[in-house]
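The values are calculated or read from the model by the stated rules, or taken from the named source; none is laboratory data. What you see is a predicted model; the values in this text were computed from it and never measured. As a convention, Cβ positions derive from the backbone with ideal geometry for all residues, glycine included, and neighbour counts pool all protein chains shown. For accessibility, only protein heavy atoms count, side chains too; no ligands or nucleic acids. Shrake-Rupley method; radii C 1.70, N 1.55, O 1.52, S 1.80 Å.
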Amino acid sequence: MERLSVRTRLTLVYGSVFLVSIAALVGVSYMLTARAIDQRVGTLPTNVRTDTLERFLTAPDRATAITEARQELNRQLEQQKQEVLTQLLQTSLVMLVVFAALSVLIGYFVAGRMLRPLHRVTATARRLSQSNLHERIALDGPQDEIKDLADTFDRMLDRLGRAFDAQR
């Protein structure tokens, strides 16, 4: 990781944080959806009117047939709940991959924008020589670590300029 550029490392950090966050969101959404389905749909109530079920049954042992019918309905209901949850999970995972890729791309551009002032400091330092020590970075923007670095570099150039003038 030491050989990676700051921009690449920032991109990886942004992408990783987003990936972990969205994975947690997918997990929580899945659990809440599963819970909501269980609470709203649940299983076939045990107090289903037997006369309603009896209309559909022609078996001689109606009590056993009703119990078997309830069990079959509960099985089908559980299968449908699982199908819905499986589809939700698959869709969420596809969206996770798409948004993770998008977050890495956005992170790459954001990191580049955040590092732009450092590129300006570097470019100025490369251009400087004895003949143009009067040039300054004069970085605008909020007083943060990058501006502090540019101001320190400008003060160092002031001292160097005075030292060259004194030596002449």
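Brief remarks follow.
- Selected from G112, G141, G27 as most flexible by GNM, with the chain as the system and alpha-carbon contacts under 10 Å: G141
- Value of [θ]222 nm, deg cm²/dmol, for the chain, DSSP H segments ≥ 4, -39500 (n - 2.57) each, nearest 500: -28000 deg cm²/dmol
- Förster radius 22 Å - calculated FRET efficiency between R159 and T122 (Cβ-Cβ, nearest 0.05): 0.65
- Normalising the average separation of contacting C-alpha pairs (under 8 angstrom, six or more residues apart) by the number of residues puts the relative contact order of the chain at 29 percent.
- Label assignment, Cα Rg over 2.2 N^0.38 Å derived from the structure, set [x] 1.20; [y] 1.34; [z] 2.19: [z]
- Projected label distance in nm at T86 and V110, using a 7 Å step from Cα toward the beta-carbon: 3.7
- Computed from Cα atoms, the angle from the helix 6-40 axis to the main principal axis of the chain rounds to 20 degrees.
- Surrounding net charge for E135, when Lys and Arg each add one and Asp and Glu each subtract one, Cβ distance under 11 Å: +1
- Cα-centred dipole magnitude for the chain, charges only on beta-carbon of K, R (+1) and D, E (-1), debye, nearest 20: 720
- Carbon and sulfur %, accessible surface of region 77-133 computed with the full protein complex present, 1.4 Å: 66
- GluC sites (Glu not before Pro), loop per DSSP, at most 14 other Cβ atoms within 10 Å - longest free stretch of the chain: 3-134
- Net charge of the neighbourhood of L32, taken over other residues with C-beta under 15 Å away and scored Lys/Arg +1, Asp/Glu -1, is +2.
- Accessible surface, per residue, of the chain when the full set of protein chains is kept, probe 1.4 Å, Å²: 74
- Cα lying deepest toward the dipole's positive end in the chain, options L149, Q80, S103, charges on Cβ: L149
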